[in-house]
């Protein structure tokens, strides 16, 4: 090797070493800072502490004493101190929340929050079907069609009340994933859904749902005199129209003018799935009178005093009322039912309701999940029942599922008519 070649090689090596040194000192030249491992146990501990503290500080009804809270804390702390997957930790926290009576707390995982955000994006729209979730481990997992909005994509595709959706785009509904399946029923303008639908007879059919046409229409209150009776039947939809108030008032006025001594009213709440605003509460004074509920907010209890008015059907009129509930009844329908039931103004028949009446505050946790803390509670003064947590318990249980019969034959309504017959006979 010649001296000149040795000099050139040495110079090249020096240049390489200088370049490497420069890259090491300058992050912009392509080097990456050292990665700091995520302490998953620490995040679990911080999330657990925040959940436990928020639950303890927001015990609206004061039904749990300090020793019970301390026991819950101790029993779950040791489990939180061991590494777990996000799914395992979420399940553990849900289990802890479930151990506390009347807590009313809901926990959404990070993935649930993401899915909910995607499903409610501005470019997506519900297909116009109100559904109930049946996703238990031992259930025939499905979404029950409670109501279909007129002129909606669901109506155009042929979905009907009492149908059940058992697959969405070829995917069955997984255990405890019904809420995810519900969100999948929101579609974009260019999207098409393939649904496997089962009718009450057991027949299955495949339908395709896509956006198009005019916007879905609101639904009227359904009122009629039941065949071979003098009983007024009222069914409130989950998406009532602006005419609902007039519809209800006209039905009541016409009913009062009927010349009969065996009158009765059936109010069907099975498809009212939790809307916070409804005209149904405005008609409570027509049907009952006096203090009927306690509302707890900011640590204070306020009596909800409903005063009857000089027209319509007040408690003194003595016209028997039967309210039909289902597993999906929620929101203002539960408040209305609780008011009449606790005041001994109506008998309730059907299935226990969902228990969803509270207003919530959302709190984000260190692990990315979201805690929904109830800021209000509704209590029945006579029975002392927190309807937001326990739902409404029927006076007469008729455990028949909505999708087990068709629109032309309603066994629960038939039971309600028989109950009114017995009450009317007793009164006469």
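Quick notes on this one:
- At R0 = 56 Å, FRET efficiency that the Cβ-Cβ distance of residue 370 and residue 407 yields, to 0.05: 0.90
- Percent of Cα-Cα distances greater than 14 Å, calculated over segment 233-300: 69 percent
- Full extension of the chain segment joining residue 194 with residue 393 gains 67.9 nm, where the gain is 0.36 nm per residue of separation less the Cα-Cα distance.
- Considering only alpha-carbon pairs that sit under 8 angstrom and 6 or more positions apart, the relative contact order computed for segment 122-223 is 30 percent.
- Alpha carbon centroid spacing (whole Å) that separates segment 145-188 from segment 206-254: 21 Å
- From most to least packed by mean Cβ count within 10 Å, the peptides 152-164, 168-180 give 152-164, 168-180.
- Straightening the chain between residue 204 and residue 88 buys 38.1 nm, computed as 0.36 nm per residue apart minus the Cα-Cα spacing.
- Expressed in Å, the radius of gyration and Dmax of the Cα atoms of segment 114-210 are 12.6, 37.
- Length released on extending from residue 249 to residue 39, taking residue separation times 0.36 nm less the Cα-Cα span: 69.4 nm
- With the highest mean first, a sort of the peptides 185-197, 128-140, 331-343 on other beta-carbon atoms found within 10 angstrom per residue produces 331-343, 128-140, 185-197.
- Using the Cβ-Cβ distance between residue 70 and residue 383 with R0 set to 30 Å, the FRET efficiency from 1/(1 + (r/R0)^6) comes to roughly 0.50.
Values quoted throughout were computed directly from the atomic coordinates according to the rules given, and no laboratory measurement underlies them. Owing to the predicted nature of the structure, the values given are computational and were not obtained by experimental measurement. FYI the Cβ positions are ideal-geometry reconstructions off the backbone, even for glycines, and counts take in every protein chain you see.
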